[in-house]
Amino acid sequence: MIDIVRNNQSVVRLHSGDPSLYSAIHEQMQLLAQAEIPFEVIPGISAFQAAAAKLNVELTVPGLVQTIILTRISGRTQVPPKEELASLAAHQASLCLYLSARHVEDSQTKLLEHYPPETPVAICFRVGWHDEKIFVVPLNQIADYTHKEKLIRTTLYIISPALAETTARSRLYHPEHSHLFRPKG
């Protein structure tokens with residue numbers, strides 16, 4: 001990139017998804033800054049957002065789950081000890097697990113320490129691409145499904161009670177709820 005820019009040409013470095021998550025963009029920005037080459041980062045949407053849209057779900061459901069955790073399991077790149085999957089799973093939040101298909105058995109074991117085995121999991125392969133696949137299976141079946149479908153890369157797991165059928169709803173539109181645009185009358 002640096003050589004091309006120094007030859008008075010423009011460069012676009014296109015990342016799929018959201019460049020702020022697991023994209024290695026930090027290293028590229030450092031090198032460009034050191035070379036005094038201006039750059040701009042244009043955000044995309046993350047796979048978890050695209051998957052939620054494809055699934056027609058809201059990952060934060062009042063009274064059920066209000067937190068979304070974006071993480072990965074340790075592999076070649078270790079996560080800090082305080083961010084190990086089992087400790088994050090203890091929250092039973094909507095957990096979006098990136099870069100973990102090669103370690104799906106270990107992930108499933110750690111998740112089952114805190115989530116019930118029937119917790120729905122969306123297995124999302126290449127979301128937004130022409131060959132995307134999305135399956136919703138119980139947590140205790142994610143390793144089997146991953147192997148059956150031969151998923152190794154570009155797979156996101158969304159573990160969430162929000163994926164189950166629920167009648168829970170926000171109070172925002174409830175007739176008894178007042179707010180700035182609808183005062184109690």
Based only on other Cβ atoms within 10 Å, what is the fewest-to-most ordering of PHE135, PHE181, PHE125? PHE181, PHE135, PHE125
Using r as the Cβ-Cβ distance of LEU14 and GLU113, and R0 as 22 Å, what FRET efficiency do you calculate, to the nearest 0.05? 0.05
To the nearest 0.05, the calculated FRET efficiency linking ASP106 and GLU132 through their beta-carbon distance, R0 being 25 Å, is 0.50
On a 0 to 90 degree scale, rounded to 10, what angle separates helix 25-34 from the longest Cα axis of the chain? 30 degrees
Defining a contact as two alpha carbons under 8 Å apart and six or more residues distant in sequence, what relative contact order in percent does the stretch 47-163 show? 31 percent
Order of LEU59, LEU139, LEU95 from fewest to most other C-beta atoms within 10 Å? LEU139, LEU59, LEU95
Furthest towards positive pole of dipole, LEU112, VAL65, HIS147, structure part the stretch 47-163, Cβ charges: HIS147
Peptides 79-86, 8-15 ordered by average Cβ neighbours within 10 Å, highest first: 79-86, 8-15
Using alpha-carbon positions, the gyration tensor of the stretch 34-95 gives root eigenvalues a ≥ b ≥ c; with a/c under 1.5 called rounded, otherwise prolate if a/b exceeds b/c, else oblate, the class is oblate
Restricted to the stretch 47-163, the DSSP antiparallel beta bridge percent, nearest 5, is 75 percent
Label point 7 Å beyond Cα of ILE25 along Cβ direction - residues of the stretch 35-53 with amide nitrogen under 13 Å: 39-47
For P(r) over Cα pairs in 10 Å bins from 0, in percent, the choices are (1) 7, 16, 13, 9, 7, 7, 8, 7, 7, 6, 6, 4, 1, 0; (2) 8, 30, 28, 18, 12, 3, 0; (3) 11, 38, 35, 13, 3, 0; which was calculated from the structure? (2)
Give the span of the stretch 70-133's Cα atoms along each principal axis, as three whole-Å numbers ordered largest to smallest. 37, 30, 19
Can you spot the lysines whose alpha carbon is less than 28 Å from LYS133's alpha carbon? Ignore those fewer than 8 places along the same chain. LYS54, LYS110, LYS148, LYS150
Neighbours of LEU88 by Cβ distance under 13 Å: Lys/Arg at +1, Asp/Glu at -1, summed charge 0
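Read the figures in this text as sums done on the coordinates, not as results from a lab. The shown structure was predicted, so the numbers you read here are calculated from the model rather than taken from an experiment. In this analysis, Cβ positions are derived from the backbone assuming ideal geometry, glycine residues included, and neighbour counts consider all displayed protein chains.
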